[in-house]
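Visitor: Okay, here's the structure, questions in a sec.
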Amino acid sequence: EAQVTQNPRYLITVTGKKLTVTCSQNMNHEYMSWYRQDPGLGLRQIYYSMNVEVTDKGDVPEGYKVSRKEKRNFPLILESPSPNQTSLYFCASSLSSEVFSGTDTQYFGPGTRLTVL
Amino acid sequence: AQKVTQAQTEISVVEKEDVTLDCVYETRDTTYYLFWYKQPPSGELVFLIRRNSFDEQNEISGRYSWNFQKSTSSFNFTITASQVVDSAVYFCALVTIRGFQKLVFGTGTRLLVSP
């Protein structure tokens, strides 16, 4: 089954304790990205990756790191989480980095609800 | 810069009523895609529709229909004969030819359908 998986789905942590949220897709997609969802703000892009070893900042990258060492995985790293990073996080992927390739659609993972105390 | 506005924060209707969710977008690009996603209480994002800027034909899928009007930069979503299962947050989103696949989301409209 084609899917984007995220782990963990729920996480409660404390300020300053490094954490990683994993994202994996099994569709051989080139493009992957991370979004955070906050009440009244919708979803905003944190980072994206056009392909292996190619990553770039989205609209709200502060406090986050990413890496893309393999095509299928795109982990989100919070080196020193703070309470303002409490949010619902989504990973997404799509086949091509070219938006107008075929009928490309972004597939979203199930979301990770993070609480930083 | 790209922007999507969903002015309706929350809408409450009674089952079987028709409801329209508004979406207004801004972009200087002439080539772009518009999307609607549904987020049920379980939290996942469910893709509903994708339209490109060159296709202004309205689309109907069962009880769902979409009205795309470039003249008013709007991409409105209508649910006919709403049902309790339609209760969710609905997001409108935009991606442009220069956007590197970045979806620009509106703030969402929460739809509550009561029996």
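Visitor: Can you give the net charge of the other residues whose Cβ lies under 14 Å from the Cβ of A:LYS18, counting K and R as +1 and D and E as -1?
Guide: Details: positive: A:LYS17, A:LYS65; negative: A:GLU79.
So the surrounding residues net to +1.
Visitor: Related question: Can you put A:SER67, B:SER42, A:SER94 in order of accessible area, largest first, using a 1.4 Å probe?
Guide: B:SER42, A:SER67, A:SER94
Visitor: Let me ask another. With the crude spin-label approximation of a point 7 Å out along Cα→Cβ, what separation in nm comes out for A:THR15 versus A:SER96?
Guide: 4.7 nm
Visitor: Kindly provide the pair-distance distribution of chain A built from C-alpha pairs, with 5 Å bins from 0 and whole-percent values in order of increasing distance.
Guide: 2, 13, 23, 26, 19, 11, 5, 1, 0
Visitor: Moving on. Accessible surface of B:ILE97 in the full protein assembly, 1.4 angstrom probe, to the nearest 10 Å²?
Guide: The value for B:ILE97 is about 90 Å².
Visitor: Now for a separate question. Given a 1.4 Å probe and the protein chains all in place, what does the accessible area of B:THR72 round to, in Å² to the nearest 10?
Guide: 80 Å²
Visitor: If you line up the Cα atoms of chain B on their principal axes, what length do they span on each, largest first, in Å?
Guide: 44, 27, 21 Å, listed from the longest principal axis down.
Visitor: Rounded to the nearest 0.05, what FRET efficiency do B:GLU44 and A:THR86 give with R0 = 22 Å and r taken as the Cβ-Cβ distance? Could you check?
Guide: Computed FRET efficiency for B:GLU44 and A:THR86 comes out at 0.70.
Visitor: Give me the percent of the accessible area of the stretch A:1-103 that comes from carbon and sulfur atoms, probe 1.4 Å, all protein chains in place.
Guide: Values: 2520 of 5000 Å².
The C+S portion of the solvent-accessible surface of the stretch A:1-103 is 50 percent.
Visitor: Let me ask something else. Over the protein assembly as shown, what number does the Rg to Rh ratio reach, with both radii from the alpha-carbon atoms and Rh per Kirkwood?
Guide: Over the Cα atoms of the protein assembly as shown, Rg/Rh equals 0.97.
The values are calculated or read from the model by the stated rules, or taken from the named source; none is laboratory data. It should be emphasised that the depicted structure is a prediction, and the values quoted were computed from it without experimental measurement. As a convention, Cβ positions derive from the backbone with ideal geometry for all residues, glycine included, and neighbour counts pool all protein chains shown. Please note that ligands, DNA and RNA were not included when accessible areas were found on the heavy atoms of the full protein model with its side chains. Shrake-Rupley method; radii C 1.70, N 1.55, O 1.52, S 1.80 Å.
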